[in-house]
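The values are calculated or read from the model by the stated rules, or taken from the named source; none is laboratory data. None of these values were measured; they are calculated from a predicted model. Heads up, the Cβs are rebuilt from the backbone with ideal geometry, glycines too, and the neighbour counts pull from every protein chain shown.
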Amino acid sequence: MRRALKEVRAGRMRQTAGPPTVLAMPINPDAAGSTSEPRQASWDSKDCLLYALGVGAGVSDPTGFELEFTTENSQDVTQKVLPTFPVVIQGGGGAFGKVGSFNLAMLVHGEQSVELHASLPVNGTVESVTTITGIYDKGSGAVIATSTVATDQQSGKALWTTTSSAFVRGEGGWGGDRGPSGTVQFPERGPDHTVSYATRPDQALLYRLSGDRNPLHSDPQFAAMGGFDRPILHGLCSFGFTGRALLHTLCESNPDRFVSMAARFSKPVFPGEELTISIWVTDEGSALFRSSTPAGVVIDAGRFSYQG
């Protein structure tokens with residue numbers, strides 16, 4: 001791959017039986033800094049309800065706890081939006097396409113953050129712009145980092161900012177910048193809070209209806225191409241489960257107190273596994289967290305801020 005990359009940069013062509021074709025370059029490091037065209041996205045009450053169900057809301061008590069996130073017409077209950085909902089709203093289009101082409105079966109979610117600048121409406125339309133903030137060479141793969149800012153179409157005010165990084169296995173090794181480490185030092189004590197949620201065996205099939213139809217999470221044959229013996233759960237689904245634990249434990253279930261959440265995905269989760277979220281309160285309005293399954297830590301380096 002490295003040799004092919006050098007040949008493309010030199011402008012060389014490979015001769016075939018037909019016309020010469022330019023060698024494909026899976027990852028283009030020069031795409032860092034690219035910004036997308038603005039993209040409009042809308043959602044409604046049903047989208048918010050479907051997302052909430054996709055990240056496990058209502059399972060423990062379908063007729064009581066979390067009704068404000070899982071129903072729109074319960075008596076004396078006003079529908080609200082889970083604070084991690086922005087991760088399923090599509091960002092600005094075009095920027096990621098400048099990175100190049102690669103095998104989607106080799107892509108896994110690396111890191112994710114969401115920062116809320118205002119209360120999320122149940123129905124809304126935003127205009128978002130995505131910037132590729134970095135393309136890093138990790139040797140065994142490449143990391144593509146992006147940042148998306150979404151503004152309310154009517155008011156023009158920013159509603160949220162999300163950042164994300166994707167790790168593409170097998171696409172590193174061109175000698176580029178390795179990027180930031182992003183380490184987090186956890187307190188040398190037990191967590192202040194622990195919350196456990198069971199995921200459903202069909203959790204990925206439900207979550208994918210919010211937009212991420214990557215067959216890595218639904219097609220056994222495609223998952224096998226990526227080295228998994230069965231489809232894995234979306235990293236952002238585990239992220240949503242974790243966000244619910246933080247919301248209910250530290251924000252008294254009030255989304256307006258939820259400010260920002262960032263974490264790294266360290267190991268895949270399989271549908272049906274139990275997630276345990278460990279939370280350390282480090283200061284007024286801030287906490288660290290990690291999520292685990294019986295196989296080990298799956299979400300690490302978690303940082304959370306909230307209104308105390």
List every residue pair whose Cβ atoms sit under 7 Å apart, with the two residues 6 or more apart in sequence or on different chains, where the first one lies in region 198-217 and is within 17 Å of Glu273 (Cα to Cα) and free of Cβ contacts under 8 Å to residues at least 60 places away in the same chain and the second, anywhere, is outside any loop (DSSP other than H, G, I, E, B) and of a type in the set (Gly, Ala, Ser). His217/Ala204
Just a yes or no: is a residue in region 194-204 under 22 Å from Lys46 (Cα atoms), among the hydrophobic types (A, V, I, L, M, F, W, C), in contact with a Cys (Cβ under 9 Å, 6 or more places away or on another chain) and surrounded by 18 or more Cβ atoms within 10 Å (Cβ to Cβ)? yes
In region 135-193, anything surrounded by 17 or more Cβ atoms within 10 Å (Cβ to Cβ), modelled with pLDDT under 95, among the polar types (S, T, N, Q) and in contact with an Asp or Glu (Cβ under 6 Å, 6 or more places away or on another chain) is listed as Ser165
For Phe228, state whether it is touching a residue at least 60 places away in the same chain (Cβ under 8 Å) and more than 25 Å from Gln90 (Cα to Cα). no
Can you confirm whether Ser291 is among the small types (Gly, Ala, Ser), within 29 Å of Val122 (Cα to Cα) and surrounded by 21 or more Cβ atoms within 10 Å (Cβ to Cβ)? yes
Checking Ala301 against (1) on the phi > 0 side of the Ramachandran plot; (2) assigned to a loop (DSSP other than H, G, I, E, B), which single condition isn't satisfied? (2)
Looking only at region 256-275, count every residue that is surrounded by fewer than 19 Cβ atoms within 10 Å (Cβ to Cβ) and β-branched (Val, Ile, Thr) and tell me the total. 1
If you check Ser128, Ser119, Ser101, Ser113, which single one turns out to be surrounded by 21 or more Cβ atoms within 10 Å (Cβ to Cβ) and among the small types (Gly, Ala, Ser)? Ser128
Hey, does region 109-127 have a residue that's touching a helix residue (DSSP H, G or I) at 6+ places or on another chain (Cβ under 7 Å), in a strand (DSSP E or B) and modelled with pLDDT under 85? yes
Which of the residues spanning region 100-122 are among the β-branched types (Val, Ile, Thr) and more than 20 Å from His217 (Cα to Cα)? Val114, Val122
